[in-house]
Amino acid sequence: MSAPDAPLALIGYPSPTARALRDLGLIAVGVPVDDLPAVLEACRVLRFTGALVHPSQERAVVGAVSPDPDARRAGRVDAVVLTGGVGGGGAHGTYSLTDALMDTVEASGYAARGASALFVGSGTDLSQALPLVRLGFAQVGLAADTVPEAERLARDLPASVRGYALSRRDPTLRSLAERADLIVLTGGTLPPGLLQPYHTLADLTGHAQTGASGAARLDLSGLPGLRLSRQLLQATGQRFLPEALGGVVGVLG
């Protein structure tokens, strides 16, 4: 665990974030974003524990750190671990949303093993949610903006998963959705008539409506707290219960 007075860098976050984190006993300091490699190196030398990254800066930070596999796959970093001090160490980036999303689905009680899922979105947001296939889905469909985009993502599916790729505008999408148990919306909107009463919807956009379809909705309300808990564990070495982070989550938006 890090020293209690070691500061945490905030990349792209406004000042109220530091005040909210202070209530958790953390010293957080906003840092410039114009030269991220130099800023992170200075933070490392000054023995900052790590950094939290605002969504607007997640893509920029990838090029300034050594990303882990999930961060590299998503092309985003939301937490940074700083190791070493003067004369050694580095900045290592992670993407906490990946594990937090799997935690949330598992906590919901949804039985993913052996089920079939259809992911609907674009290349960028689909790649962020694709690690959900590790929960044991037997068949996964990927509906992206274009077929090449979906095919590229399908190449990352485990060999044990039967996958298919298509455009979200493909006229056969509705019939293919009939094979799915879970519909995962990662971006954009759902095509009309896609949801059926036997479906469960995991809406990562927060805007989809089940309407009169009768489809169930997966409870993802715990995702922000679980994600922040993982971010803070990475960036500070301290473990915070997700249910204790509601105030900070509200400030982070």
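The values are calculated or read from the model by the stated rules, or taken from the named source; none is laboratory data. Values in this document were obtained by computation on a predicted structure and should not be read as measured data. When we count neighbours, we look across all protein chains shown, and the Cβ atoms used for this are built from the backbone with ideal geometry, even at glycine. Note: areas computed on protein heavy atoms with side chains; ligands, DNA, RNA excluded. Shrake-Rupley method; radii C 1.70, N 1.55, O 1.52, S 1.80 Å.
Brief remarks follow.
- Subset of segment 226-246 (residues that are out of contact with any strand residue (DSSP E or B) (no Cβ under 9 Å at 6 or more places or on another chain), buried (at least 20 other Cβ atoms within 10 Å of the Cβ) and not polar (S, T, N, Q)): L226, R227, P242, L245
- Hits in segment 191-212 (condition: hydroxyl-bearing (S, T, Y) and more than 17 Å from G141 (Cβ to Cβ)): T205, T210
- Within segment 108-150, the set of residues being of a type outside the set (G, A, S), without any contact (Cβ under 8 Å) to a residue 40 or more places away in the chain and part of a strand (DSSP E or B) comprises V140, L142.
- Of the candidates L233, L241, L153, L195, the single residue that is on the phi < 0 side of the Ramachandran plot and in contact (Cβ under 8 Å) with a residue 24 or more places away in the chain is L153.
- Residue match in segment 129-140 (condition: over 20 Å from the mean Cα position of the chain (by Cα) and open to solvent by 10 Å² or more (accessible area, probe 1.4 Å)): yes
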